[in-house]
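Chemist: Next up is a structure, given as structure tokens.
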Amino acid sequence: MQQNPGMIPDLPLQDIHLPAAVGYWPLAPGWWLLLGLLALLMALAFLGWRFWQARRLRRLALAQLSRLDQLPAGELATALSRLLRQAAICHFPQASAGLSGLAWLEFLDRPFADRPFSEGVGHCLLDAPYRPAMQINEQIDGPALLALCRLWMKKLPAQPLLKRRPR
């Protein structure tokens, strides 16, 4: 082929090729970071829920205890004795269910070093539920007893969550 001056030579040109369409996979690094943060947030929410559930019985016992403030001393001792027994059986069923008398007070003294139930203000719980209310009103320091019971309930351990039984 001869080339003429002023003429454009025939070149083998092809059409412009467009890039392939962007797919959904693999994800860009920003999306991976977002998915990781979402997974972390879900794990933290689940652990927070478990933490909250494990302390549910303690919160219920403390709520019941706060409602006992208005009771007279005779009824207060009976109600506190019943509430402490219920809380102890919920948290320590094997160790506390059969206890009575001084063994019960010594069980209540376990979280404390100064033995406030056996030798202190909590000693009235030994026989207060069984005495007439008039005798109890003179011997019980209601606010101190309530404070001691509140402190004992705050020292209760977290309740293990129930595990599902295999089918």
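Chemist: Please list the helices of the chain that count as membrane-span-like by this rule: a mean Kyte-Doolittle hydropathy of at least -1.0 together with Cα atoms stretching 24 Å or more along the helix axis, each helix being a complete DSSP H run.
Modeler: 29-54, 73-91
Chemist: For a protection proxy built on the mean count of beta-carbon atoms within 10 angstrom, sort 20-27, 106-113 highest first, please.
Modeler: 106-113, 20-27
Chemist: If each DSSP helix of 4+ residues adds -39,500 (n - 2.57) and the sum is divided by the residues in the chain, what number results at 222 nm, nearest 500 deg cm²/dmol?
Modeler: Helix contribution divided over all residues of the chain: -17000 deg cm²/dmol.
Chemist: Report the percentage of all Cα-Cα pairs in the stretch 57-154 whose separation exceeds 19 Å, rounded to a whole percent.
Modeler: Within the stretch 57-154, distances greater than 19 Å cover 36 percent of Cα pairs.
Chemist: Using unit Cβ charges (K, R positive; D, E negative) and no other charged atoms, how large, in debye to the nearest 20, is the dipole of the stretch 54-158 about its Cα centre?
Modeler: 700 debye
Each reported figure results from applying straightforward, stated rules to the coordinates on display, with no laboratory input. For clarity, every value in this text was computed on a predicted model and none was experimentally measured. Cβ: placed from backbone, ideal geometry, glycine included. Neighbour counts: every protein chain shown.
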